[in-house]
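Enquirer: Below is one structure. I have some questions about it.
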Amino acid sequence: MRAEPQSFDRVLSSMCTEPHPAAREAAERFLATNPGDPGTYPTVATLEDEAIELLGEIAGLAEPAGYVASGGTEANVQAVRIARERADARRPTVVVPESAHFSFNKAADLLGVELAVVPTADDGRVDLEAVRACVDEDTAAIVGVAGSTEYGRVDPIPKLGEIADSVDALLHVDAAWGGFVLPFTDHEWHFGHAAVDTMAIDPHKMGQAAVPAGGLLARSADLLDELAVETPYLESTSQATLTGTRSGAGVASAVAAMEELWPDGYRDQYVRSQNNAEWLAAELESRGYDVVDPELPLVAASIPTQLFEALRGEGWRLSRTADDELRVVCMPHVTRNQLESFVADVDRLEDEVGIEVPVSGE
Ligand SMILES: *Cc1c(COP(=O)(O)O)cnc(C)c1O
């Protein structure tokens, strides 16, 4: 039997989405290319330069250095690696908020750096006093999250930049998910707003490119040079990427998506997604559930475990936060119709599993 990919009809838990048709087409055309070997595949290597130019434009950086990575995980690992190479400390520390993605645990494990995890305040953003109290001469980097994985929160990036400067550490911004929606908000998150050194920003999430297409950006080429190793059997002389052979499909689809959608298409998408998130938040709230205000298009709400399981049983792909809240990511494939039928299922299943929810205002 020929396996078919599952449909996105009931997928509310994914941070990836259906690629834009132009991205899909470009991915297919470049399937058999390897930007890891630019001497052999110069066309896709040129496309990668374009991808970095476009990512720089989105992230407020006029002359960006960087490359198209396998995803946010690789970009975060590499950013920590840059910071470690830069640091004088024997046992360098990287300061991360508790809201940081688990890829930083992988980075610490691989690279032998210490993670100093600082708490977030009630608003879900990192507690600046805790960061100040935590940094010292061993601090190699501070990580700020611009669009946290669980609640879509944005850390105070400019302030983190000042703290990083005060101890001569790098500032890395993790905008893996948020990078393609933040340009249309008032948040200060990018190279133009703060002393950001490196950034993770993924075309394969909100950017509507095919998987795998992540982005690592660096303020200057010398930061990227920290990663370079010599490449004896290739015509190119050095390589900064973590992987060797890489996906030309990811690179080509990232360029195609960004050329098609930046900025107007992404703005329209942001508005649609944000409206959907606010609509869903209001619907759940009116049913008596506690909802975390969706600052970006991501809704978290406390619903009973039985209801969560029943919804999963109906085929809804849902995920949970560490605090057991329902988490719905309003990605481009998530439509209002889809959310309406989700809410209809919430109503029906509440009755079926016998859930009593306090009506708001009572
Ligand atoms: C998804 C995500 C990552 C990891 O990216 P992958 O592409 O899954 O490797 C890192 N940071 C944040 C904030 C994310 O949302």
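Enquirer: Quick check, is Arg81 within 16 Å of the ligand (Cβ to nearest atom) and in contact (Cβ under 8 Å) with a residue 40 or more places away in the chain?
Expert: yes
Enquirer: On to the next question. Within region 120-127, is even one residue of a type in the set (Ser, Thr, Tyr) and either away from the ligand (no atom under 11 Å from the Cβ) or not assigned by TED's automatic domain parsing to the domain that holds Gly161 (or both)?
Expert: Yes, region 120-127 has at least one match.
Enquirer: If you don't mind, another one. In region 212-233, how many residues are surrounded by fewer than 15 Cβ atoms within 10 Å (Cβ to Cβ) and either in contact with a Pro (Cβ under 7 Å, 6 or more places away or on another chain) or not β-branched (Val, Ile, Thr) (or both)?
Expert: Of the residues in region 212-233, 8 are surrounded by fewer than 15 Cβ atoms within 10 Å (Cβ to Cβ) and either in contact with a Pro (Cβ under 7 Å, 6 or more places away or on another chain) or not β-branched (Val, Ile, Thr) (or both).
Enquirer: Working only within region 228-245, note down all residues that are free of Cβ contacts under 8 Å to residues at least 24 places away in the same chain and of a type in the set (A, V, I, L, M, F, W, C).
Expert: Once the filter is applied, which keeps residues that are free of Cβ contacts under 8 Å to residues at least 24 places away in the same chain and of a type in the set (A, V, I, L, M, F, W, C), region 228-245 yields Ala228, Val229.
Enquirer: Still on this model: Is it the case, given these coordinates, that Gly39 is within 21 Å of Gln269 (Cβ to Cβ) and either in a loop (DSSP other than H, G, I, E, B) or assigned by TED's automatic domain parsing to the domain that holds Leu217 (or both)?
Expert: No: the conditions fail for Gly39.
Enquirer: Could you please find all residues in region 238-250 being more than 17 Å from the chain's Cα centre (by Cα) and either crowded, with 17+ Cβ neighbours inside 10 Å or among the hydroxyl-bearing types (Ser, Thr, Tyr) (or both)?
Expert: Ser238, Gln239, Ala240, Thr241, Leu242, Thr243, Thr245, Arg246, Ser247, Gly248, Ala249
Enquirer: Could you name every one of the helices (runs of 4 or more DSSP H) located completely within region 229-314 that has at least 2 residues being closer than 19 Å to Arg153 by Cα?
Expert: Answer list for region 229-314: 264-286.
Enquirer: With the condition kept exactly as written, say whether any residue in region 334-345 is buried (at least 16 other Cβ atoms within 10 Å of the Cβ) and outside any helix (DSSP H, G or I).
Expert: yes
Enquirer: Right, another one. Please go through region 52-75 and pick out each residue that is within 16 Å of the ligand (Cβ to nearest atom) and closer than 16 Å to Ala228 by Cα.
Expert: Those that are within 16 Å of the ligand (Cβ to nearest atom) and closer than 16 Å to Ala228 by Cα: Gly66, Tyr67, Val68, Ala69, Glu74, Ala75.
Enquirer: Mind checking which residues of region 110-138 are more than 25 Å from Asp168 (Cβ to Cβ) and more than 20 Å from the chain's Cα centre (by Cα)?
Expert: Residues satisfying the conditions are Ala121, Asp122.
Enquirer: Also: Listed residues Ala209, Ala195; which is crowded, with 24+ Cβ neighbours inside 10 Å and not in a helix (DSSP H, G or I)?
Expert: Ala209 is the lone residue from the list that is crowded, with 24+ Cβ neighbours inside 10 Å and not in a helix (DSSP H, G or I).
Enquirer: On the given criteria, is Glu278 in contact (Cβ under 8 Å) with a residue 24 or more places away in the chain, among the charged types (D, E, K, R) and touching a Pro at 6+ places or on another chain (Cβ under 9 Å)?
Expert: So Glu278 does not fit the description; no.
Enquirer: Can you find a residue that is hydrophobic (A, V, I, L, M, F, W, C) and within 16 Å of the ligand (Cβ to nearest atom) anywhere in region 147-158?
Expert: yes
Enquirer: Yes or no: region 269-278 includes at least one residue that is farther than 26 Å from Ala32 by Cα and either at pLDDT below 95 or of a type in the set (D, E, K, R) (or both).
Expert: Within region 269-278, one or more residues are farther than 26 Å from Ala32 by Cα and either at pLDDT below 95 or of a type in the set (D, E, K, R) (or both).
Enquirer: Could I ask something else about it? Taking the condition touching a residue at least 60 places away in the same chain (Cβ under 8 Å), farther than 14 Å from Ala75 by Cα, not assigned by TED's automatic domain parsing to the domain that holds Asn275 and not hydrophobic (A, V, I, L, M, F, W, C), does His193 pass?
Expert: yes
Enquirer: Now for a separate question. So if I check each of Glu260, Glu230, Glu278, which one is away from the ligand (no atom under 16 Å from the Cβ), charged (D, E, K, R), over 28 Å from Ile82 (Cβ atoms) and out of contact with any His (no Cβ under 8 Å at 6 or more places or on another chain)?
Expert: One residue alone meets the criteria, Glu278.
Enquirer: Still on this structure, I have one more. Working only within region 11-48, note down all residues that are surrounded by 16 or more Cβ atoms within 10 Å (Cβ to Cβ) and among the charged types (D, E, K, R).
Expert: Once the filter is applied, which keeps residues that are surrounded by 16 or more Cβ atoms within 10 Å (Cβ to Cβ) and among the charged types (D, E, K, R), region 11-48 yields Glu18, Arg24, Asp37, Glu48.
Enquirer: While we're on this one: How many residues, within region 84-118, are in a loop (DSSP other than H, G, I, E, B), within 11 Å of the ligand (Cβ to nearest atom) and in contact (Cβ under 8 Å) with a residue 12 or more places away in the chain?
Expert: 3
The values are calculated or read from the model by the stated rules, or taken from the named source; none is laboratory data. Just so you know, these numbers come straight off a predicted model, no measurement behind them. Positions of Cβ are backbone-derived with ideal geometry, glycine not excepted, and every protein chain shown enters the neighbour counts.
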